[in-house]
Amino acid sequence: MNTTVEDGVALARAVCTAVEQAPGVEVAVLPPFTHLWAVRSALEGSRVLLGAQDVFWEESGAYTGEISPLMLAGWCDLALVGHSERRHVFGERDDEVGRKFAAAIAHGLRVIVAVGETGDERDADQTFAVVDRQLDAVFAALPEPPPVDAYLIAYEPVWAIGTGRTATPAQAQEVTSHIKAHLRSTTPVAPRVLYGGSVTPANAASLFAEPDIDGALVGGVSLRAAEFGAIVTAAAETPAARR
């Protein structure tokens, strides 16, 4: 929940410029709902994709304040569901995240699904159990898993979001590897898995060097185009087969 529409458009244009020198990396921006149409125009002609920060599970109805997948389909490329702030600030349940995922997929939106544990859950050695539960709830809403290129998983440890505390590359690798192994039990090929949680230009390269971290879900740094561009550049410098 940052920037006015005018500021958001300026930021989107600056991001387009900042990522021009990083070919081969898929880049998307997910501004607030109020900015989407204007930012879409600002991205025209660039390779930067447009996504929404959330989506509701119904197409229409008496759900004041919600935005349906039908409203986004056809002009947004992606939607994010299950972000930790939706779960822990607004109380979204795992099954609600699953309903959002299913609705977005049904309307042709590519979906980023965020999963991750709190600090207390990590300290109690429950990380894998929490992530598995969240993943299983997402796919429970569908009769069968969607095509692997229809979604991405973002591992975002809640204790590392906006805190300045980042999971070490080894910690992030351990969980992203587990996510892929868990999903391979139900899908032939695991999707790409991103890491999110205080990603900066200083730590991006070390995170991307891990074999099961395929990208980043960037938070606060995305408000600073030059720093965001540096993260994209770090991704461009990873082996081409892993971008």
Task: Ranked list, fewest to most other Cβ atoms within 10 Å of each Cβ, for T233, T166 - done: T233, T166
Open item on the list: Let me check against my output: what whole-number percent is the relative contact order of the range 22-113, with C-alpha pairs under 8 Å and at least 6 apart?
Closed with: 26
- [ ] Give a residue-ordered list of calculated ³J(HN,Hα) values for the range 231-236 (Karplus: 6.51 cos²θ - 1.76 cosθ + 1.60, θ = phi - 60°; whole Hz; x for Gly, Pro).
- [x] 5, 4, 4, 4, 5, 5
Task: Exposed chymotrypsin sites (Phe, Trp or Tyr not before Pro) absent: longest stretch of the chain, with sites in DSSP loops and at most 16 other Cβ within 10 Å deemed exposed - done: 91-243
TODO: Mind checking which of Y63, P146, A18 is farthest towards the positive end of the chain's charge dipole, using Cβ charges of +1 (Lys, Arg) and -1 (Asp, Glu) about the Cα centre?
DONE: A18
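Among rounded, prolate and oblate, which fits the range 182-243 when a ≥ b ≥ c are the square roots of the eigenvalues of its C-alpha gyration tensor, a/c under 1.5 means rounded, and a/b larger than b/c means prolate?
It is prolate, given that a/c is not under 1.5 and a/b is the larger ratio.
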Open item on the list: Under the rule a/c < 1.5 gives rounded, and otherwise a/b versus b/c splits prolate from oblate, where does the range 109-243 land using the Cα gyration tensor?
Closed with: oblate
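Tally Lys/Arg at +1 and Asp/Glu at -1 over every other residue whose Cβ is under 12 Å from the Cβ of D54; what's the total?
Working: positive: R86, R87, K100; negative: E66, E85, E92, E96.
In short, -1.
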TODO: Could you go through the range 156-167 in sequence order and give the Karplus-derived ³J(HN,Hα) for each residue, using 6.51 cos²θ - 1.76 cosθ + 1.60 with θ = phi - 60°, rounded to whole Hz, and x for Gly and Pro?
DONE: 10, x, 4, 5, 10, 9, x, 9, x, 9, 10, 4
TODO: Report, in deg cm²/dmol and to the nearest 500, the calculated mean residue ellipticity at 222 nm for the chain, where each DSSP H run with n ≥ 4 adds -39500 (n - 2.57) and the sum is divided by the residue count.
DONE: -11500 deg cm²/dmol
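Over the chain, what relative contact order in percent results from Cα pairs under 8 Å that are six or more residues apart?
So the answer I get is 17 percent.
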Open item on the list: Which one, L183, A102, P201, projects farthest toward the positive side of the charge dipole computed for the chain from Cβ point charges (K/R +1, D/E -1)?
Closed with: P201
Open item on the list: To the nearest 20 Debye, how big is the dipole of the chain about its Cα centre, given +1 on the beta carbon of each Lys and Arg and -1 on that of each Asp and Glu?
Closed with: 460
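No lab work stands behind these numbers, since they all come straight from the coordinates. Please read these numbers as outputs of a predicted model, since none were measured by experiment. Because the Cβ atoms are built from the backbone with ideal geometry, glycine has one as well, and the counts that use them run over all protein chains shown.
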